[in-house]
1. Look at region 77-125 and say how many of its residues are over 18 Å from the mean Cα position of the chain (by Cα), among the aliphatic types (A, V, I, L, M) and not in a strand (DSSP E or B).
2. Can you name the residue in region 16-65 that is over 23 Å from G128 (Cβ atoms) and of a type outside the set (A, V, I, L, M, F, W, C) and is also surrounded by the most Cβ atoms within 10 Å (Cβ to Cβ) among such residues?
3. Could you check I43 against (1) touching a helix residue (DSSP H, G or I) at 6+ places or on another chain (Cβ under 7 Å); (2) in contact (Cβ under 8 Å) with a residue 12 or more places away in the chain and say which number it fails?
4. From the list A153, A160, A136, A148, which one is within 16 Å of Y109 (Cβ to Cβ) and of a type in the set (G, A, S)?
5. Can you find a residue that is modelled with pLDDT under 95, closer than 21 Å to L24 by Cβ, touching a helix residue (DSSP H, G or I) at 6+ places or on another chain (Cβ under 9 Å) and small (G, A, S) anywhere in region 72-89?
Amino acid sequence: MTDRLFAWMDRLTLACALAGMAVLAVAMAVVLADIVMRSTVGIAVLGTVDITQLCVMACAFWAIPFAFMRAGHVRVEVGAERMPGRLRHGLDAVAAVVGAVFVGLIGVYGWQSAQLAHQYGDLSQTIGIPLAWYWATLLSGCALSVLATLTLAGRHAVMAVRGDA
C-alpha cells in the first residue's frame, strides 16, 4: 500500500516539477525575446520582469515537492549509514513530519498574505498580473510539499516498524 502511494506521489511531484521547468522555459524565452528586440529594433517586451518573477516562483515552488520525494534536500550523512535501519527510518519519519509542519506553516502564512492581496486587488507593477497568481504558485507548491513529506513520513514509519535496512 505505501509503495503504491509513494509511486503515485512520486509521479505527481515529477509532473509538477516538469510543469515548473516548462514555465521556467517560458520565462527564458521572454527574456531572450526582450534582449533580441532591444538590440535589433529598440523595443522592449512589456512586462518581462513581471512574467519572469511569476515563472521563477512557479518553478521553485513546484519543484520543491519533487526534491522532497527524491531526497534532494540537504542531509547530514555522517553516522546515518551506521545506524540500525529502524532508528534511521524512524528519524527520517520524524524529519519528514517536521518538514511537513514547516512547509505547512509557510502555506498558512502564504494563505493569509494571498487573502490580503486578493482583498486589496494587488497587481504586479508593469502589466498588472493579479498577485493572487503569484500566491497560487506558492500555495500549490506548499500543499503538494505537505502531501509529499507526509507520504515520506508514512513510508519511513512503515519501514521502521518492519525493520527494513
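The values are calculated or read from the model by the stated rules, or taken from the named source; none is laboratory data. Owing to the predicted nature of the structure, the values given are computational and were not obtained by experimental measurement. Here the Cβ positions follow ideal geometry from the backbone for every residue, glycine too, while neighbour counts run over all protein chains shown.
1. 9
2. Ranking the qualifying residues of region 16-65, first place goes to P65.
3. Condition (2) is where I43 drops out.
4. Details: A153 fails: within 16 Å of Y109 (Cβ to Cβ); A160 fails: within 16 Å of Y109 (Cβ to Cβ); A148 fails: within 16 Å of Y109 (Cβ to Cβ).
Unique residue meeting the criteria: A136.
5. Within region 72-89, the subset modelled with pLDDT under 95 is 72-89.
The next check asks that each one be closer than 21 Å to L24 by Cβ; those that pass are 72-73.
Still in the list and also touching a helix residue (DSSP H, G or I) at 6+ places or on another chain (Cβ under 9 Å): 72-73.
Among the residues that remain, those that are also small (G, A, S) are: 72.
Within region 72-89, one or more residues are modelled with pLDDT under 95, closer than 21 Å to L24 by Cβ, touching a helix residue (DSSP H, G or I) at 6+ places or on another chain (Cβ under 9 Å) and small (G, A, S).
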